[in-house]
1. If I take every Cα pair under 8 Å that is 6 or more residues apart in the chain, average their sequence separation and divide by the length, what percent do I get for the relative contact order?
2. All other residues with a Cβ under 14 Å from the Cβ of LEU145 taken together, and with Lys, Arg as +1 and Asp, Glu as -1, what is their net charge?
3. Which of rounded, prolate or oblate describes segment 2-178 when judged by the alpha-carbon gyration tensor and an a/c cut-off of 1.5?
4. Once you list every other residue whose beta carbon is under 12 Å from the beta carbon of HIS35, what net charge do they have if Lys and Arg are +1 and Asp and Glu are -1?
5. Which of rounded, prolate or oblate describes segment 65-125 when judged by the alpha-carbon gyration tensor and an a/c cut-off of 1.5?
6. Using alpha carbons only, how many angstrom separate the centre of segment 89-145 from the centre of segment 1-47?
7. If we count other beta carbons within 10 Å of each Cβ, what is the order of MET36, MET62, MET26, fewest first?
8. Pairs to check: LYS61/LYS150; LYS103/LYS124; LYS103/LYS164. Give those whose C-alpha atoms are more than 26 Å from each other in this structure.
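Any read-out appearing in this document is the output of simple, stated calculations on the displayed coordinates, not a laboratory observation. Note that the coordinates shown come from a computational prediction; the quantities given were computed from them, not determined experimentally. Because the Cβ atoms are built from the backbone with ideal geometry, glycine has one as well, and the counts that use them run over all protein chains shown.
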Amino acid sequence: MNRDVDFLYEVGSLRYMPRQWSRFLMPEVANNSEHMFRVVWVALTIAARCGEAVDTGKIVKMAIAHDLAETRTGDVDAISRQYSERFEEKARVDIFEETSVGKEFQELLTEYSERTSLESRIVKDADNLDCDLELAERTACGHTLPGEWKGVRDMVRNTKLFTKAAQEMYDEIWSTSPHHWHVASPQNRANSGDWQKGSGLPIPADEKKYTIKKKR
């Protein structure tokens with residue numbers, strides 16, 4: 001039981017692990033824990049769009065563990081990995097040693113690293129696409145570096161993504177504003193709510209105050 005609790009504390013440390021590319025004047029990028037959370041959802045979305053039978057349970061487990069070794073190895077970026085030797089397999093073995101989930105996740109991560117299954121390739125595609133989501137968000141915040149990286153990301157789209165569904169999602173990511181989900185939402189009050197002319201809905205008291213103040 002002690003090793004299980006140790007493991008859970010170690011998992012928690014991921015939220016304090018910044019991804020290395022934050023040093024490229026992008027300190028707001030997601031930490032490792034946040035990255036893996038979205039990778040789960042990207043992977044499930046790719047799986048739903050693949051048109052093939054996949055084991056979504058396996059996908060979720062691979063996604064929530066794919067960068068777990070970085071609690072010990074740390075993260076690397078396109079520059080630092082040219083100067084670093086990381087022992088990820090040893091880190092994975094040591095992290096899961098004598099834990100209740102060790103055997104299952106060791107096997108899943110071996111499968112993931114070998115890309116031998118559709119599930120493992122989907123998760124790797126999701127890992128890549130989360131980078132593009134992050135870069136698109138940084139672009140919306142005014143950062144210029146994502147534009148300088150776009151050529152490299154296009155190369156990843158054309159040569160590194162395994163599934164057609166992921167390639168199509170890449171194109172959608174870079175043609176969709178990160179603000180579209182709320183600005184264009186049918187549930188946005190400006191699109192269908194009480195700000196719509198002739199809606200017949202009562203104006204909330206705080207909005208009445210705002211309107212009166214503006215008129216003055």
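1. Values: 206 pairs, mean separation 41.7, N = 216.
Worked out over the chain, it gives 19 percent.
2. Working: positive: ARG19, ARG23, ARG138, LYS150, ARG153; negative: GLU28, ASP77, ASP132, GLU134, GLU137, GLU148.
Result for the local shell: -1.
3. Working: a/c = 1.91, a/b = 1.27, b/c = 1.50.
Because a/c hits 1.5 or more and a/b fails to exceed b/c, segment 2-178 counts as oblate.
4. Working: positive: ARG15, ARG19, ARG38; negative: GLU34, ASP67, GLU70, ASP75, ASP127, ASP130, GLU134.
After counting each charged neighbour, the total is -4.
5. Verdict is oblate for segment 65-125.
6. Centre-to-centre (Cα) distance: 10 Å.
7. Working: MET36 22, MET62 27, MET26 17.
Lowest to highest Cβ neighbour count: MET26, MET36, MET62.
8. Values: LYS61/LYS150 30 Å; LYS103/LYS124 21 Å; LYS103/LYS164 32 Å.
Result: LYS61/LYS150; LYS103/LYS164 exceed 26 Å.
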